[in-house]
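For reference, the structure discussed in these notes is given below.
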């Protein structure tokens, strides 16, 4: 949604082009009075000629119809201008939103005025959590805003007996928030329907066509905004995540280490584990690179499951992994390293190739306050080399 924002509301001119004529016809009393006077005089003058009287009546009827039509056109143009103003306000709010929450907030703030809704619910998919967030807010100032988590299975095209995703989400929202008389529009992105906007009102009167048009326009633009936000999020994630294993990559690890070094206090401890898959080349040579990739993914999962909360595992490159330990003692660092080694040794990899697999681990823990992380990396790498020379499948500390 970059560049100039255009309102989806159609504003084709429907009035008369001549300003003078337009002004004249928009004062219905003037032409109608003129036609009435002319008709009256014609009827008096031609009373004995029925055809002439009929002609005058037809002219009067046509004039009256023209005036009624012009008033309808004027009313229609005014209504469309108001719709366009509401949509433009919504587009401005969406253009300033850089997150899914910001998009929901912009819709909640601007949709009630343009549609007459008493409540607005924005349901959108969060890829990072694989869940749906439904945010509800009332139209009155001070009404609370609440967000409820809905199951992502509601987006399954074949779910609930094949019910349409939009209808299914509307029904879920009506039940979850006890809403009646709702109006719904899907948030349709490149990945399909990823959410909905649901409007609700307390009265049972039908929704006007203008509310439907404003909602449809808002949903179209909101879906584009959500696509933009998700693309940006995915690009950032790809830049810092190893595609094969799902762990942070070396770029992320280096950036994180740099930020940590700038914020470390003198008494903040740091440790490094360097991990190398034993005889990994043999796996690729014997079972193929697909098997090698499967082994890398399995070992990455074992490593991620063995570390403590707050520790940072990453794929360092090739068959090497690294873990940054936050404030560990030497004993804790050795314990985590042994847990990683044991978790990998316990993997059953027969489905992808090798019956078992081992890793070697080098450990380095800060010896003096403020010791550079690069120095710890080098020390852990030297310890890893000693573990390899000592027979592999073991933990060695610097």
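Tabulated data
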item: Residue within region 166-182 that is closer than 30 Å to residue 246 by Cα and either part of a helix (DSSP H, G or I) or in contact (Cβ under 8 Å) with a residue 40 or more places away in the chain (or both) present; result: no
item: Helices (runs of 4 or more DSSP H) enclosed by region 204-311 - at least 2 residues per element that are within 30 Å of residue 88 (Cβ to Cβ) and touching a strand residue (DSSP E or B) at 6+ places or on another chain (Cβ under 6 Å); result: 209-240
item: Among the residues listed as 215, 187, 220, 226, the single one being more than 12 Å from the chain's Cα centre (by Cα), touching a residue at least 24 places away in the same chain (Cβ under 8 Å) and crowded, with 18+ Cβ neighbours inside 10 Å; result: 215
item: From 147, 120, 135, residue being surrounded by fewer than 17 Cβ atoms within 10 Å (Cβ to Cβ), in a strand (DSSP E or B) and in contact with a strand residue (DSSP E or B) (Cβ under 8 Å, 6 or more places away or on another chain); result: 147
item: Of all residues in region 316-340 being within 23 Å of residue 286 (Cα to Cα) and modelled with pLDDT of 90 or more, the one that is surrounded by the fewest Cβ atoms within 10 Å (Cβ to Cβ); result: 318
item: Pick from region 358-398, criterion in a loop (DSSP other than H, G, I, E, B) and in contact with a helix residue (DSSP H, G or I) (Cβ under 6 Å, 6 or more places away or on another chain), ranking: surrounded by the most Cβ atoms within 10 Å (Cβ to Cβ); result: 398
item: Checklist (1) assigned to a helix (DSSP H, G or I); (2) free of Cβ contacts under 8 Å to residues at least 40 places away in the same chain; (3) surrounded by fewer than 20 Cβ atoms within 10 Å (Cβ to Cβ) applied to residue 108, failing item; result: (3)
item: Flag if residue 117 is in contact (Cβ under 8 Å) with a residue 40 or more places away in the chain, more than 22 Å from the chain's Cα centre (by Cα) and closer than 21 Å to residue 220 by Cβ; result: yes
item: The one condition in (1) over 18 Å from residue 153 (Cβ atoms); (2) in contact with a helix residue (DSSP H, G or I) (Cβ under 6 Å, 6 or more places away or on another chain) that residue 168 fails to fulfil; result: (1)
item: Residue that is free of Cβ contacts under 8 Å to residues at least 40 places away in the same chain, in the same structural domain as residue 311 (by TED's automatic domain parsing) and surrounded by fewer than 20 Cβ atoms within 10 Å (Cβ to Cβ), where the choices are 269, 192, 258; result: 258
item: Residues located in region 340-362, provided they are within 41 Å of the chain's Cα centre (by Cα) and under 14 Å from residue 322 (Cβ atoms); result: 340, 359, 361
item: Filter pass, residue 362 being in contact with a strand residue (DSSP E or B) (Cβ under 9 Å, 6 or more places away or on another chain) and free of Cβ contacts under 8 Å to residues at least 24 places away in the same chain; result: no
item: Matching residues, region 162-182, being touching a strand residue (DSSP E or B) at 6+ places or on another chain (Cβ under 9 Å) and surrounded by fewer than 20 Cβ atoms within 10 Å (Cβ to Cβ); result: 164, 166, 167, 174, 176, 177, 179, 180, 181, 182
item: Residue identified as in contact (Cβ under 8 Å) with a residue 60 or more places away in the chain and either assigned by TED's automatic domain parsing to the domain that holds residue 268 or part of a helix (DSSP H, G or I) (or both) among 341, 315; result: 315
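The values are calculated or read from the model by the stated rules, or taken from the named source; none is laboratory data. Values in this document were obtained by computation on a predicted structure and should not be read as measured data. Please note: Cβ atoms are built from the backbone with ideal geometry, for glycine as well, and neighbour counts cover all protein chains shown.
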